[in-house]
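In what follows, a structure is listed as structure tokens, so that the remarks can point back to it.
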Amino acid sequence: MQAEIKAENKKPETKRKFDVVIIGAGPAGYTAAIYTSRAKRDTLVISGILPGGQLMLTTEVENYPGFATGIMGPELMTTMRQQTERMGATIIDDEVVNVDFKRKPFKVLTHSEEYEANAVIIATGASPRKLGAKGEIEFSAKGVSYCATCDGPFFKNQEIVVAGGGDSAMEEAIFLTKFAKNVHVVHRKDKLRASKIMQDRAFENSKIKFHWNSIIEEIKGKEKVNQITIKNTSNSQQETMDVGGLFVAIGHEPNTKLFQGQVELDTQGYIALKNHTHTSVEGVFAAGDVHDHRYRQAITAAGFGCMAAIDVDRYLSENSRKN
Ligand code: NDP
């Protein structure tokens, strides 16, 4: 299915000016494009280096409504892309390297072209921080996961490791006890960063074991993870545990580097929303994990995409009445 899409995209693209340019092609970007295209707004989606976003790195998605028996993450994103194209949006597989939101029309520069837009939706998402442990990349989606809500139910009755000591790690560890035999929290310090209430809940849960002052050295397995070696940094002792999986919950990095100095970011570097999906620049909107560090789900990102598209349509209508 992917090959088909690539072939279609080989057609020469000559158009440079669009009503809406959407930067990013995860659930937020595609949903926004479906809505703006259906509203007859000339729409360009610039997909970035990972068309489809984080779901391209997952396996089965069981919690996206509409798929009674679940759907594979890459298949869901391929289908969203086809739906976006059917609605008439143009999609290009290129990376945005610069933007100019200081004057209108806005400018969006890729490796190969410069585009102009009357409105922009930023939907570049966020990336989970990586541990940098040996085997982490190799076993990604093969036992190494960055989302307990997404993948937890696949680890029934298994020993699971959660890396991190913040609220996310505690939330994931507690959630995972619904499925796992035991959850081993491996944290690099001797105390948690998580809020008191989350700490208390985790300490009270008899299925959660803590490994303090410990780092994950190596993730091993055959087709899937089956062992993790941790090292206690206070006494240098190593321990190898037989486990079914590792959930890395050490924070996320919003993909906002491009937008520094262009739109207002919050203290954690996420896009700061001003009024619904509007950013600090009139005509520039944001949708999905790039501004949302609370929910981070495919369905919430898609919802935000829909909201941004409706806001864009209203903004463009109001603007055309003014001019
Ligand atoms: P945080 O930045 O709060 O915590 C990250 C954790 O990962 C810290 O314990 C940190 O260790 C550890 N860590 C970071 N880098 C590494 C590394 N390279 N190797 C090993 N460990 C590492 O991120 P969260 O995602 O937990 O939370 C983000 C924000 O969202 C916070 O404000 C949080 O309060 C909020 N949140 C709230 C929730 C709730 O209230 N229910 C749920 C989830 C998130 P160290 O402590 O040593 O720095």
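The values are calculated or read from the model by the stated rules, or taken from the named source; none is laboratory data. Bear in mind the structure is a predicted one, so any value in this text is a computation, not a measurement. Note: ideal-geometry Cβ built from the backbone for every residue, glycine included; neighbour counts use all protein chains shown. Accessible surface is based on the protein model in full, side chains and every heavy atom, while ligands, DNA and RNA are left aside. Shrake-Rupley method; radii C 1.70, N 1.55, O 1.52, S 1.80 Å.
Taking a probe of 1.4 Å, how large is the accessible area per residue of the chain, in Å²?
Numbers: 16080 Å² over 323 residues.
For the chain, the per-residue accessible area is 50 Å².
Based on the mean of other beta carbon atoms within 10 Å per residue, what is the order of 141-152, 311-322, 277-288, most packed first? Mind showing how you got there, number by number?
On the way: 141-152: 21.7, 311-322: 14.6, 277-288: 23.8.
Order by mean packing, descending: 277-288, 141-152, 311-322.
Starting from the Kirkwood radius over alpha-carbon pairs of the range 174-222, derive D by Stokes-Einstein at 20 °C in a medium of 1.002 mPa s and give it in µm² s⁻¹.
Numbers: Rh = 12.0 Å.
The diffusion coefficient I find is 179 µm²/s.
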Point-charge dipole on Cβ atoms (K/R +1, D/E -1) for the chain, about Cα centre, debye to 20: 320
State the percent of C-alpha pairs, over all pairs in the range 130-248, separated by a distance greater than 24 angstrom. 17
Residue-normalised 222 nm signal for the chain, counting each DSSP H run of n ≥ 4 as -39,500 (n - 2.57), nearest 500 deg cm²/dmol, is -7500 deg cm²/dmol
Compute the long axis of helix 167-176 from its Cα atoms, compare it with the longest principal axis of the Cα atoms of the chain, and write down the angle in degrees, 0 to 90, nearest 10. 70
In whole Å, largest first, the alpha carbons of the range 260-323 cover along the principal axes 37, 28, 14
Take the Cα coordinates of the chain, assign each an equal point scatterer, and use the Debye formula without solvent to give log10 I(q)/I(0) at q = 0.10, 0.14 Å⁻¹. -0.62, -1.05
Cα shape, the range 217-258, gyration tensor, a/c 1.5 rule: oblate
Cα centroid separation - the range 275-300 against the range 114-144, whole Å: 16
Just how far, in whole angstrom, is the range 26-58 from the range 150-186 if you go by their alpha carbon centroids? 31
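Would you tally the net charge around SER127, using a Cβ to Cβ cut-off of less than 15 Å, leaving SER127 out, and scoring K and R as +1, D and E as -1? Numbers along the way, then the final one.
Values: positive: ARG129, LYS130, LYS257, ARG296; negative: GLU95, GLU136, GLU253, ASP289, ASP292.
Here the count lands on -1.
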If packing is taken as the average number of other Cβ atoms within 10 Å across a peptide's residues, how do 157-163, 252-258, 24-30, 200-206 rank, most packed first? 24-30, 157-163, 252-258, 200-206
Carbon and sulfur atoms account, in whole percent of the 1.4 Å probe accessible area of the range 252-323, for 47
Counting only protein heavy atoms with a 1.4 Å probe and every protein chain in place, the carbon and sulfur fraction of the accessible surface of the range 130-248 in whole percent equals 46
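Pull up the DSSP beta bridges for the chain and report the antiparallel fraction as a percent, rounded to 5.
Numbers: 28 of 61 bridges.
In the chain, approximately 45 percent of DSSP beta bridges are antiparallel ones.
Please sort 99-105, 49-55 by packing, taking for each peptide the average over its residues of neighbouring beta carbons within 10 angstrom, highest first. Mind showing how you got there, number by number?
Working: 99-105: 15.1, 49-55: 21.3.
Going by the mean number of other Cβ atoms within 10 Å, highest first, we get 49-55, 99-105.
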